[in-house]
Amino acid sequence: MIETRTVEIVAVPEGSRPARVTVHTRGQGPLAVLVHGFPLDHRMWLDVMHGPLAQNRTLCAVDLRGHGDSPWCGDGVHTMERFADDVAAVIKTLGDGQADLAGLSMGGYVALALMDRHPELVRTLVLSNTRATADNDEQKQGREAAIETVATQGRSAVCDAMLPKLLAPGADALVRAQLRTMIEGTPVESIVADQRGLMQRADRREGLANIKVPTMIVAGEHDALTPVADAEVMRDGILGARLEVVKGTAHMTPMEAPKAWSDAVADVWL
Ligand code: MLT
């Protein structure tokens, strides 16, 4: 059974507003926190949460502020640092001092920000379908255009533009429908605040050398949003990191191939 609870985030530095973050847990053993991508929520982890990893870990899928069951807090920009501080508060509240941390795409940017700000909270790290680089000018322009699209045409237009990039051709129709449900359920203001935060996120390549915990990088063979080359940069930058490229998947590897994703992660969650 999945248990849902709320963690109160008291005001943290940098003028962050107090927030409530909803988390969904299943399993037993040490805490492992799962951080979703843009513009999704905890439901992207449901197949993983119902798989074998829950036998050895209390899997905790976070709804980042303004996503899923966590309310919008009125922030015009969702910085990766603010999200990271929220996840740190979850680990401090639910963990025994540390947690295994896994993030996909935007969740990976959040995980890298957390490694920079709260490294003592992390026991092992999984970086899935993500990258350490900041946006280049073209990517920033793409985000400006996406903000315009959601403001003028709504969330279904965002969804239509994103879905072909998230999934490999021939992906399960159910996974496609699940993604559409999540994207169309995310508040427009969260989508805009995420895009602004993503646009201004830091380049984390230099900090990779400071990561000292066992790390697994997972990439999708056909991921055009965060290609395997991005994963190789992170593998080469983090001492001892391993890279697993999952065949047949694109950007949503844990949804497209939950078993292969879980097998890779089990290697660092022994
Ligand atoms: C995600 O899946 O979180 C996004 O593709 C991240 C991004 O737009 O950089």
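The values are calculated or read from the model by the stated rules, or taken from the named source; none is laboratory data. The structure presented is a predicted model; accordingly, all values stated were derived computationally and were not measured. All Cβ positions, even for glycine, are placed from backbone atoms using ideal geometry, and neighbour counts span all protein chains on display. Just so you know, the surface numbers come from the protein's heavy atoms only, side chains and all, with ligands and any DNA or RNA stripped out. Shrake-Rupley method; radii C 1.70, N 1.55, O 1.52, S 1.80 Å.
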Exercise for review: Considering every residue within the range 82-100, establish whether at least one is within 13 Å of the ligand (Cβ to nearest atom), in a strand (DSSP E or B) and at pLDDT 95 or above.
Suggested key: no
Revision key, fill the gap. In the range 112-137, anything more than 12 Å from the ligand (Cβ to nearest atom), open to solvent by 30 Å² or more (accessible area, probe 1.4 Å) and out of contact with any helix residue (DSSP H, G or I) (no Cβ under 8 Å at 6 or more places or on another chain) is listed as Glu120, Arg123, Asp137
**Study point:** Condition check for Arg57: within 16 Å of the ligand (Cβ to nearest atom) and of a type in the set (D, E, K, R)
**Key:** no
Check your understanding: Are there any pairs with C-beta distances below 6 angstrom linking a residue in the range 244-270 that is in contact (Cβ under 8 Å) with a residue 60 or more places away in the chain and more than 18 Å from Val228 (Cβ to Cβ) to a residue that is open to solvent by 50 Å² or more (accessible area, probe 1.4 Å) and part of a loop (DSSP other than H, G, I, E, B), with the two at least 6 apart or on different chains, and if so which?
Key -> Val268/Pro214
Revision key, fill the gap. The number of residues in the range 94-111 that are open to solvent by 10 Å² or more (accessible area, probe 1.4 Å), of a type outside the set (S, T, N, Q) and more than 8 Å from the chain's Cα centre (by Cα) is 4
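Got a number for residues in the range 175-226 being closer than 19 Å to Gly154 by Cα and among the basic types (Lys, Arg)?
The number of residues fulfilling the criteria is 3.
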Study note, to complete from the structure: Result of the Cβ filter at 8 Å on the range 124-135, keeping first residues that are of a type in the set (Phe, Trp, Tyr) and partners that are away from the ligand (no atom under 12 Å from the Cβ) and open to solvent by 10 Å² or more (accessible area, probe 1.4 Å), at least 6 apart or interchain, is none
Review point. Has the range 113-123 got at least one residue that is of a type outside the set (Ser, Thr, Tyr), at pLDDT 95 or above, out of contact with any Pro (no Cβ under 9 Å at 6 or more places or on another chain) and assigned to a loop (DSSP other than H, G, I, E, B)?
Key: yes
Review point. What single numbered condition from (1) of a type outside the set (S, T, N, Q); (2) closer than 19 Å to Arg117 by Cβ; (3) within 16 Å of the ligand (Cβ to nearest atom); (4) buried (at least 18 other Cβ atoms within 10 Å of the Cβ) fails to hold for Ile238?
Key: (3)
Practice item. Tell me, please, whether a residue that is closer than 22 Å to Arg196 by Cα, open to solvent by 50 Å² or more (accessible area, probe 1.4 Å) and within 12 Å of the ligand (Cβ to nearest atom) can be found in the range 138-159. Key: yes
Check your understanding: How many residues, within the range 44-73, are of a type in the set (Asp, Glu) and either surrounded by 18 or more Cβ atoms within 10 Å (Cβ to Cβ) or part of a helix (DSSP H, G or I) (or both)?
Key -> 2
Practice item. Please list, ordered by first then second residue, the pairs with beta carbon atoms under 7 Å, 6 or more apart or interchain, first in the range 218-243 and among the β-branched types (Val, Ile, Thr), second open to solvent by 70 Å² or more (accessible area, probe 1.4 Å). Key: Val218/Glu244; Val233/Arg205
Exercise for review: Could you check, for the range 194-217, whether at least one of its residues is closer than 15 Å to Met255 by Cβ, open to solvent by less than 30 Å² (accessible area, probe 1.4 Å) and more than 13 Å from the ligand (Cβ to nearest atom)?
Suggested key: no
Check your understanding: Between residues in the range 23-41 that are touching a residue at least 12 places away in the same chain (Cβ under 8 Å) and residues that are within 8 Å of the ligand (Cβ to nearest atom) and small (Gly, Ala, Ser), which pairs lie under 7 Å by C-beta distance while being six or more apart or on different chains?
Key -> Val35/Gly107; His36/Gly107; Gly37/Ser105; Gly37/Gly107; Phe38/Ser105
